Structures are given as structure tokens and as C-alpha cells.
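Novice: Sharing a structure here in C-alpha cells format.
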Amino acid sequence: MSGSPPPTGGFVRRVGLLQATAINMSQMCGIGPFVTIPLMVAAFGGPQAVTGFVAGAVLALCDGLVWAELGASMPGSGGSYVYLRQAFQYRTGRLLPFLFVWTAMLFIPLILSTGVVGFVQYLGYLAPGLGRTAGDLTGLGVIVLVVLLLWRGIEHIARITLVMWAVMITSVLLVIAAAATGFSPHRAFTYPAHAFDLTSGHFWPGFAAGLTIGVYDYLGYNTTAYLGAEIKDPGRTLPRSIVLSILGIMAIYLLLQIGTLSVVDWHRMTDPHDIASTSVASAVLAQTWGRGAADTVTVLILVTAFASVFTGLLGGSRVPCDAARDGVFFRPYARLHPRHRFPALGLATMGVITAVGFLIGRHTDLLTLIQLLTTVMVIVQALAQIVALSVLRRRQPDLRRPYRMWLYPLPAVIAFTGWCVIYGYADHNSPGRRPVEWSLAWLALGCAAFLVWAWRERVWPFGAKEISEEYNVLEASPG
């Protein structure tokens, strides 16, 4: 496929395996683990919180194999939209693809907004006098800068991403190395009594909360699937970039989590007045290598947070483009920038929603934002996409599949179960916030927007849409 010339006026395939893996890993290991380790410890009530990162890795890997098969078979911009469009054309027509794009334009910016919240948290370590208003303005300024940097061609962005990826790897490795110099097995592996009592009323709610936080930290393994139309040799590159990025980040997270818990007493992470609850990596460096080293690595962590927002908005802004070009979403989102060939309206819209999500997170709490974004994405993306995999295997057995899921359908079943656990415990783990109700309200609003769109386009909304069989006839990627 990469040997075929790109369509006139469309995307160009210029992102290779190294760049694709860097894009995924930069989005995955942004500020996430640096701000969620204290949240994970609070959820589990002790250093057994490492269980949450392991569970999140298993769910991410199983779900990643779903993305790998679908992305390799249908490498278009928009990711899940392409897969849902192809799988559900027979029953719901335009409805489910429209709802996916509608929800993605909320949950993707919410993911990015958590990175900006974390950026401001760590900036507070370097500038303790940073007030709420100044922090809000700083975060909004970061979002504006990201949008401006993305206002260019993909070949320039890929080079920027490699630099940010190198900074991310450096910052994480420095924290791990610092933790190794002050490693205390007693702190890391001494668990509270009944920490793994599966019959207690606290373990499973804590596990569900930890699974939510854990999978949030791995989100981003699918970023290159949103860039499918810009990936070289996607039949090979997409699956490899997904699996390599998950395995790499899993190793990094385990070393980071265990190392941090071995240096900083976990009780400090649950104290809102202790710096370890908001800037735990800085606390590790300050305790092992001193304040100067802590300041230096904190700067690198800020760059890492910036990189995660940068790569996430890069991939997310492509989501509505394919849908609009297919006539399944609002038409203005189909237009590409006349010179640099990127979806300008999608980028601008998601930039604005990221800013709103950042302000919500700043004035509530980070865990509420994580619960909201995961519940919004579960039904129309995570679960629907797993079903789409089975539907396509049954209805389109001849679809070209350069990669087929290992041990099918076991990973799909595990992923489906994991997402159901996250959704089922969401309200319990976010008391008073009601993320499930908010997610259903957003879906209801999306259905209303769908009817308005159908009325404006003068189409029957629920009829099956004739979908191009382009993915059935694409030539195999050159070996």
C-alpha cells in the first residue's frame, strides 16, 4: 500500500516505524505516571498499587491487538471511525460512526487536558508561589502553543516528535536511576495486612479504580491508528508500533512505580499537603540526588507532558476528517489546510475542548477527569470496536488482513471484560460526580446532533449507507 501514490489533495505517507512508535510512546508516557502514582496508591491503599499498572498493561495489550488487526486491515485517518463504519454499515448505517466521532471529539481532548493539568502541577514544584489564576493562564498558554506547533506539515511534526520522545525517555530513565540509588525493598514490598484479600469489600472497588487509572496511563497506544493514512507500509508498521510501544511502556512503568515506592513512603503520597502527592518524581529526585537534580528532571518532565499533549492532539485532530469526507459527519471537518494538508478545523475544535477540559480538571480534581473520559469512550469506542472485529471476521472473511490477532478471540474477550469492569465501577469510584450519567447524557446529545445533521444533509438517518469496499482491494504492502 505504501507503494501506491497518495490521492491528489489527500494525506501523504511519511511516518515510519521508529517515528510511529515514538508518537505512541510519547502520548502514552506523558505526564500520566508522574501524576497518577499517588492516585494509584490511594486507590489500593498501599504499595500493592503496582497491581493496577500490571492490570492496565494486560488490558492495553489485549485491546491493542484489536487495534492492530483493524488498523492493519483498514489504514485510514480517523482510526475507530473507519472500523465502525465498515463493520456496522449493515445495520445502523451512519449512526454508530457518527456517534464515535462525536464522543471522540470529547474524550480525546479530555485525555490531553489531564496532561496539561499535570504540567501545571509539576510547574508548581519549580514555582511554589504559582497561584490558581496564574496556573490556569499557563495551562491555556501551553494549549495555544501546541496548536500553533501543529499548524504545519506532517513531515516536520514527525521530526519534532522524535526529539520530544528522546526527552521523555531521558526524564523517565533519570527518575528510575535516581530511585535505584535509594532503593529500599522494605518500603517497596511491605504491604498492609489483607492487601490482597479478594473477599473484602474494598479490594474489587480499589482494583477497578486502579484498572481505570492504569489503562489511562497506557492510553495512546492507538495514536498511530488515527494517523493510518499517513503511515508508511501500514500493514506492518501499525501492529508493530502498537505492540512495541505497549511492551516498552509497561517495562518503564513497572520500574518507575517500584522505584518510586522504594524511595518515598506511600503514606506521603496520600497527604494532599505533601509535595509527593502532586510531584512525586520531583520528590524522588530531591530525596536521592538533591534539589538541583530534582529541578533539572522536573524541567524534562514538563517537556514530556508537553510532548504527550502534542502527539495526542496530532492524532486526535484527524478523527473527524474521514467521517466528514465520507458524508457521515459535518462537512466543514473534511477540509484540509491548502498548503500543509492537515485538518485545520478538527485541530482547532479539539484545541478548544482541551482548554475547557483543563479548566474542569483544575477546578475539580484529576481523578474525576480520568473517570469521565474513560466512561465516555467505553461504549462507543472500546466495546463497539471489539464487537466490530468479530463482525468483520464474520461478514468480510476475505478482507485483506496483514496482521491477525494472536490467540483470537481470547484477547478480545479479556479486553471486553476489562472495559465493562471500568464502566461498572465508575460511579462508585467517583462519588457525587456521576461520570456514567454524564457519558450517557453526552451520547443522548450526540443522537440529537445526528438527527440535526441528517436533516441538514437530507438523508434518511438510519438506513444502511453504501460503503466503499476500498479496503478489500488494496494491494498488499510491499515486503
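Novice: Does anything in the range 406-445 have its amide N under 20 Å from the 7 Å Cα→Cβ label point of S390, and if so which residues?
Specialist: 406-424
Novice: Taking the Cα centre of the chain as origin and charging only Cβ (+1 Lys, Arg; -1 Asp, Glu), how large is the dipole, in debye to the nearest 20? Provide the component values of the computation, followed by the final result.
Specialist: Details: 32 positive and 23 negative charges, 244 e Å.
Roughly 1180 debye for the chain.
Novice: When the Cα atoms of the range 9-113 are enclosed in a convex hull and the volume is divided per residue, what value in Å³ results? Spell out each step's value before the answer.
Specialist: Values: hull volume 16.3 nm³, N = 105.
Hull volume normalised by residue count: 156 Å³.
Novice: If you average 1/r over every pair of different alpha-carbon atoms in the range 239-300 and take one over that average, what Kirkwood value in Å do you get? Walk me through the intermediate numbers first.
Specialist: On the way: mean 1/r = 0.0777 Å⁻¹.
In the range 239-300 this quantity evaluates to 12.9 Å.
Novice: So which helices of the chain fit the span-like rule, where a helix is a whole DSSP H run, its Cα atoms reach 20 Å or more along the axis, and its mean Kyte-Doolittle is at least 1.0? Spell out each step's value before the answer.
Specialist: Numbers: long enough: 50-73 (35 Å, 1.47); 95-126 (48 Å, 1.80); 132-150 (27 Å, 1.86); 154-181 (40 Å, 1.80); 203-218 (22 Å, 0.70); 234-263 (43 Å, 1.31); 291-316 (37 Å, 1.39); 344-363 (29 Å, 1.41); 410-424 (21 Å, 1.65); 435-457 (32 Å, 0.87).
Result, helices passing both filters: 50-73, 95-126, 132-150, 154-181, 234-263, 291-316, 344-363, 410-424.
Novice: Note the full-extension length gain between D265 and V421 as 0.36 nm times their separation in residues minus their Cα-Cα distance, in nm to one decimal. List each step's numbers first, then the result.
Specialist: Values: separation 156, 0.36 × 156 = 56.16 nm, distance 2.97 nm.
Full extension from D265 to V421 adds 53.2 nm.
Novice: Moving on. Of L347, G316, I301, which is farthest along the charge dipole of the range 296-348 in the positive direction, counting Lys and Arg as +1 and Asp and Glu as -1 at C-beta?
Specialist: Checking the options against the dipole of the range 296-348, the answer is L347.
Novice: If each Cα of the chain is one equal point scatterer, what is log10 of I(q)/I(0) from the Debye formula at q = 0.11 Å⁻¹?
Specialist: Relative scattering, expressed as log10 I(q)/I(0), comes to -0.85.
Novice: I want to make sure I understand the PRE zone here: with the label point 7 angstrom from the Cα of A293 toward its beta carbon, which residues in the range 252-275 have backbone N atoms less than 14 Å away?
Specialist: Inside the label zone: 260, 263-264.
Novice: Here is a further query. Sorted by packing (mean other beta-carbon atoms within 10 Å per residue), highest first, where do 255-263, 352-360 land? Mind showing how you got there, number by number?
Specialist: Numbers: 255-263: 23.1, 352-360: 19.9.
The densest-packed peptide leads the list: 255-263, 352-360.
Novice: Ranked highest first by average number of other Cβ atoms within 10 Å, how do 299-310, 180-191 line up? Kindly include the intermediate steps, with their values, before the conclusion.
Specialist: Details: 299-310: 24.8, 180-191: 13.5.
By packing density, highest mean first, the sequence is 299-310, 180-191.
Novice: For the range 237-383, treating each Cα as an identical point scatterer without solvent, what Debye log10 I(q)/I(0) comes out at q = 0.15, 0.17 1/Å?
Specialist: Evaluating at q = 0.15, 0.17 Å⁻¹ gives log10 I(q)/I(0) of -1.07, -1.24.
Novice: Hey, what does the equivalent ellipsoid look like for the range 303-450, semi-axes from the Cα gyration tensor as sqrt of 5 times each eigenvalue, largest first, whole Å? All intermediate terms of the calculation are to be shown ahead of the outcome.
Specialist: Details: eigenvalues 141, 129, 52 Å².
Gyration-tensor ellipsoid for the range 303-450: 27, 25, 16 Å.
Novice: Just the accessible area per residue of the chain, please: how many Å² with a 1.4 Å probe? The partial results should precede the final answer.
Specialist: Working: 17970 Å² over 479 residues.
About 38 Å² of surface per residue is accessible.
Novice: Once Lys and Arg get +1 and Asp and Glu get -1 on their Cβ, which of L359, L445, V263 lies farthest toward the positive end of the dipole of the chain?
Specialist: L445
Novice: While we're here: So if I restrict to the alpha-carbon atoms in the range 208-283, what is the Rg, and what is Dmax, the biggest pairwise distance, in Å?
Specialist: For the range 208-283, the Cα-based Rg and Dmax read 16.8, 50 Å.
Novice: Now, a different point. How large a share of the accessible area of the chain, in percent, is made up of carbon and sulfur atoms when the probe is 1.4 Å and the other protein chains stay in place?
Specialist: On the way: 11780 of 17970 Å².
The C+S portion of the solvent-accessible surface of the chain is 66 percent.
Novice: For a quick protection proxy, order the peptides 419-426, 441-448, 234-241 by their average other-Cβ count within 10 Å, most packed first.
Specialist: Working: 419-426: 19.2, 441-448: 13.9, 234-241: 24.9.
Descending packing order for the listed peptides: 234-241, 419-426, 441-448.
Novice: Top to bottom by accessible area (1.4 Å), largest first, where do E457, E69, E437 land?
Specialist: On the way: E457 55, E69 5, E437 95 Å².
Largest accessible area first, the residues go E437, E457, E69.
The values are calculated or read from the model by the stated rules, or taken from the named source; none is laboratory data. Since the structure is predicted, the reported quantities are computational estimates derived from the model, not experimental observations. FYI the Cβ positions are ideal-geometry reconstructions off the backbone, even for glycines, and counts take in every protein chain you see. Only protein heavy atoms, including side chains, enter the accessible area calculation; ligands, DNA and RNA are left aside. Shrake-Rupley method; radii C 1.70, N 1.55, O 1.52, S 1.80 Å.
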